[in-house]
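A quick write-up on the structure given underneath.
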Amino acid sequence: MQSLVTVVAVGGILGLLVAGINLAGMWGALGQLSVRTTPAMPWTAVGAAVGACAVLAVVASVVPAALALRRGVAEQAGVRD
């Protein structure tokens, strides 16, 4: 489960990097038009999205694993008595 959270964290960081580059480009373009703006990130929405991704990743991996563990090893391997 730790690797799932790591994957979500890396994805969140990469998403923030892409959004930051996009905001910097828009800020520069608006500066060329003499429009004074300040870039803003909706941190609560970003946190909610990363949290939702983490919950979905854990659920999507734990539920199939739990269902697979319900069956016996011999049954999963297809061995017949």
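Nothing in this text is a laboratory measurement; each read-out follows from the coordinates by a stated rule. What you see is a predicted model; the values in this text were computed from it and never measured.
For the chain, what are the per-bin percents of Cα-Cα distances with bins 10 Å wide, up to the bin holding the maximum?
Spelled out per bin, shortest first, that is 15, 28, 21, 16, 11, 6, 4, 1.
Apply the Karplus curve 6.51 cos²θ - 1.76 cosθ + 1.60, θ = phi - 60°, to the phi angles in the stretch 61-71 and return the couplings in whole Hz, x for Gly and Pro.
Once rounded to whole Hz, the list reads 9, 6, 5, x, 5, 5, 5, 5, 6, 5, 7.
Considering the chain as a Gaussian network with a 10 Å cut-off on Cα pairs, which listed residue, Val58, Val35, Val46, attains the greatest mean-square fluctuation?
Of Val58, Val35, Val46, the Gaussian network model singles out Val35 as fluctuating most.
If I fit a long axis through the Cα atoms of helix 2-32 and take the longest principal axis of the Cα atoms of the chain, what angle between them do I get, 0 to 90°, rounded to 10?
20 degrees
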